[in-house]
Structures are given as C-alpha cells and as structure tokens.
Amino acid sequence: MKLWLEKLHLDLKVNWKLSRNQTTFKENFIVHLETSIGEFYSEIAPNIRYGETPENIQTQFEGWLESVDLLSLRDISSLTFELDQHPLFHSLRFGIESAFIRYFAAQSQKKLHEFLQLPAPVAVETSFSMPIIPINEIADYLAPLKRFTSLKIKVNAETAEDMLTEIKKHTDVKLRVDANEGWKDLETFLRFQQTLKGMNIELIEQPFPSSMQLEYKELKKQTPYKILADESIEDVGDFSELASQFHAVNIKLMKTGSLIKARDFILEAKLHHMTAMMGCMIETTIGIEYGMQFGGMVEYVDLDGFLLIKNEPFTKVLENNGILSLPQGA
C-alpha cells in the first residue's frame, strides 16, 4: 500500500477576488492511494483562512505518514483513530479520509454513497460564482452565464451595493450574496440590506466574522433574508447555537475535513430546522465528485469550483445548462 500527493497548479479563468484576498491560480493536491485492489483518489484544496498553504500541507502530510502504519488502517474506526491522534488541517484530513473510505467501499463491493448510507447521487442545479470585479466588467462576465438559474455574488462592504445594482440591470436570476465576513458591524449591514429591495435575493452568506455571534442573533431577528453560515461552521458545529444565528449552513468537505462529519452535519442541521448547502472550494472534479454524493440531501448546491479553473484536468463531473451530473456508470 502506498499513499502520496501529486501537486497541481490550477490557473483560474478570472482574478478570484474575495473580501479578504485574491488570486489568479490555486495549488491543490491529488491524493493517490495505491492498494492491492486498485488506486483510489481524492483532493486537497488548501484554504489560507485556516492557515493552510501548499507547503504546510506537504509538511504535515509527511509527518503524519511517518507516524502511521498504513496497513493497520483496515476500517473507518482504525482510520478515524489515527486521524484523531494527529490533528491535521481540514483539507488534508479530508483528502486522506476520503481516499481510504473509497477504498473501504470498494473492498465491501459497494458504491461510495451506499457505503456511507447516503441517498443515491442525483443531477443537481448549481449556482455560478462571481468574484469582486469592476462594475464595468459585470455585463461581460454575466453574458455567458444565462444557463444558470442562480448566481453566487462575492461582495465586500465597500462595493456590494454598486455591484448588485449593476447586476440587477442584466439578470433577474436568484442571487446568493456571499460576503466572506466582509462587514464588521451590524448597523452598517442593516443599512446595506435596505438597498436589496426589489432584487431576487435567495440568501446572504456569512456577512460578519464568525466571532460576532451576538450580531448574528440580532440580525436573524431583523432581516427578511435567509442568512447562511459558512465560516461559522468548520469541523465542529454546535447546531443549537448555529440555529440561533442562522437559517442555513454551508457544508464544505474541505472545511469539515470528513465525509462522515459532512453527512452528520446535514442531518443535524435538519433536526434544528435549518436548511443546508453543499459547497466547495476551487477544486477539480475529483473533489467536486465527492460533494455530488450529498446532492440528494441538501436544499442548495454550490459546486461550481471546477468551472472556474482554466485547465481542469479531469471529467469526474459533467455540467450541462447549469445542471451537474456524474458520468454514466460512475
């Protein structure tokens, strides 16, 4: 048995600008697990918000690999034990865990969703994302996106009103406003949301830093919009607390660090009368295909990460008219 990482340089189609950073490329890893019954793959998409860099991922992976006897990882319990013994970055833990779980599923002669006791994957509509861009570029950006029924708009406190006003001139599809913690006080945000009247706002994602729990509780009382948690939920989640702040949660595999936790989080959200989104980082279709396993469990899907990559090297997920599906037989 052999476990190793292949580093990928992924050029992006646009300058990917959020409220906290921007980039024109991503460096991800493909996880290769070579076994006696075949090779199994996953992906690691580092996120700088959580201190994840390609260099840190590589260093931490090598340290974990030196400490573990891979042949002792025979089932989920032994795998989980070894992952818990050596805390890892979220995305690295996901990459290792998911490659092994796919191997365990193959050993059991089950498809991945069967092994994880999930509904069978279904074709799903995804939103398509727009980074923070100059106002005069919005029309050209939107022109080829008419096949998508919802758009996820990255904003910050300084440009949000102008961007959304311009977007309204060119489309009436549902808008998911994603602030990436861009607002720092409640009153400023409440004034901003007054400018959204007449727009087709489906939800607003993480307007404040995750530490502003009191502000989220107050916002939930005052807003007419559905507020979605992203950065407020990582690999742990107190759903009674989250439900007091948000209407919905964005589950990302690279953030939960686990297929099992993602499944359990979605079920826990429903118990607390919250809806769920399956989201992603900028990932190839190797990573996105894992997110597709949850399409039958969630109300919203935002799995467009691979569509932002200029040189996407795989075809594990297909997109047609804004609908994502797995290749026949997958």
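Bear in mind these aren't lab numbers, they're just calculated from the coordinates by the rules spelled out. Predicted model, so just to flag it, every value in this text is computed and none were measured. A quick note on method: Cβ atoms are made from the backbone with ideal geometry, for glycine too, and the neighbour counts reach across all protein chains shown.
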Computed for region 2-115: size of charge dipole around the Cα centre, +1 on C-beta of each Lys and Arg, -1 on C-beta of each Asp and Glu, debye to nearest 20, value 540 debye
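I'd like the antiparallel share, as a percent to the nearest 5, of DSSP beta bridges with both residues in the chain. The partial results should precede the final answer.
Values: 25 of 48 bridges.
Once the DSSP bridges in the chain are tallied, antiparallel ones form about 50 percent.
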Quick check: residue separation of residue 187 and residue 157 times 0.36 nm, minus the Cα distance between them. What number comes out in nm? 9.6 nm
Net length gained if the chain between residue 169 and residue 107 were fully extended (0.36 nm per residue, minus Cα distance): 16.9 nm
Expressed as a whole percent, how much of the Cα-Cα distance distribution for region 84-132 exceeds 17 Å? 57 percent
Show me, bin by bin at 5 Å from 0, the whole-percent P(r) of region 65-150 based on Cα pairs. 3, 10, 16, 14, 10, 9, 9, 10, 8, 7, 3, 0
How much FRET efficiency would the formula 1/(1 + (r/R0)^6) give for residue 67 and residue 315, where r is the Cβ-Cβ distance and R0 is 35 Å, rounded to 0.05? 0.50
In debye to the nearest 20, the charge dipole size for region 124-325, taken about the Cα centre with +1 at each Lys and Arg Cβ and -1 at each Asp and Glu Cβ, equals 460 debye
Pairs over 28 Å Cα to Cα, from 13/261; 26/220; 110/316; 168/261, come to 13/261; 26/220; 168/261
Helix 76-85 vs. the chain, principal-axis angle (Cα, 0 to 90°, nearest 10): 70 degrees
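What FRET efficiency, computed as 1/(1 + (r/R0)^6) with R0 = 56 Å and r the Cβ-Cβ distance, is obtained for residue 11 and residue 197, rounded to the nearest 0.05? Each step should come with its number before you reach the end.
Working: r = 39 Å, r/R0 = 0.70.
So the FRET efficiency works out to roughly 0.90.
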Please report the projected area of region 273-319's Cα convex hull averaged over all directions, in nm². 3.3 nm²
Under 19 Å from the residue 143 label point (7 Å along Cα→beta-carbon), backbone N, region 1-19: 13-15
Listed by chain and number, the residues whose amide H is under 5 Å from that of residue 22, excluding neighbours fewer than 5 places away on the same chain and using placed H, are none
For the residue pair residue 135 and residue 74, what label-to-label distance in nm results when each label sits 7 Å from Cα along the Cα-to-beta-carbon direction? 6.6 nm
Note down the net charge around residue 251, summing +1 for each Lys or Arg and -1 for each Asp or Glu among other residues with Cβ under 13 Å from its Cβ. -4
In the neighborhood of residue 320, defined by Cβ-to-Cβ distances under 14 Å, what is the net charge if each Lys or Arg adds +1 and each Asp or Glu adds -1? -1
Hey, what's the Cα Rg ratio for region 107-250 versus the globular rule of thumb, 2.2 N^0.38 Å? 1.20
Distance between the C-alpha centers of region 81-107 and region 1-18? Whole Å please. 19 Å
List the residues, sorted by chain then number, that are 5 or more residues from residue 12 or on another chain and whose placed amide H is less than 5 Å from its amide H. 25, 26, 310
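What number, rounded to the nearest 500 deg cm²/dmol, is the helix-based mean residue ellipticity at 222 nm of the chain, given -39500 (n - 2.57) per DSSP H run of at least four residues and division by all its residues? List each step's numbers first, then the result.
On the way: 12 runs with 113 residues, N = 330.
So the calculated ellipticity at 222 nm is -10000 deg cm²/dmol.
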Subtracting the Cα-Cα distance of residue 114 and residue 23 from 0.36 nm times their residue separation yields 29.0 nm
Just check region 2-115 against the gyration tensor rule for me: Cα atoms, a ≥ b ≥ c as the square roots of the eigenvalues, rounded for a/c under 1.5, and otherwise prolate or oblate depending on whether a/b exceeds b/c. prolate
Rounded to the nearest 10 degrees, what's the angle between the helix 259-271 long axis and the longest principal axis of the chain, both from Cα atoms, 0 to 90? 40 degrees
Cβ-Cβ cut-off under 9 Å around residue 50, Lys and Arg +1, Asp and Glu -1: the net charge is 0
Here the convex hull volume per residue of the chain, taken over Cα atoms and given in Å³, is 125 Å³
Enter the angle in degrees (range 0 to 90, nearest 10) between the Cα long axis of helix 160-170 and the first principal axis of the Cα atoms of the chain, meaning the one along which they spread out most. 90 degrees
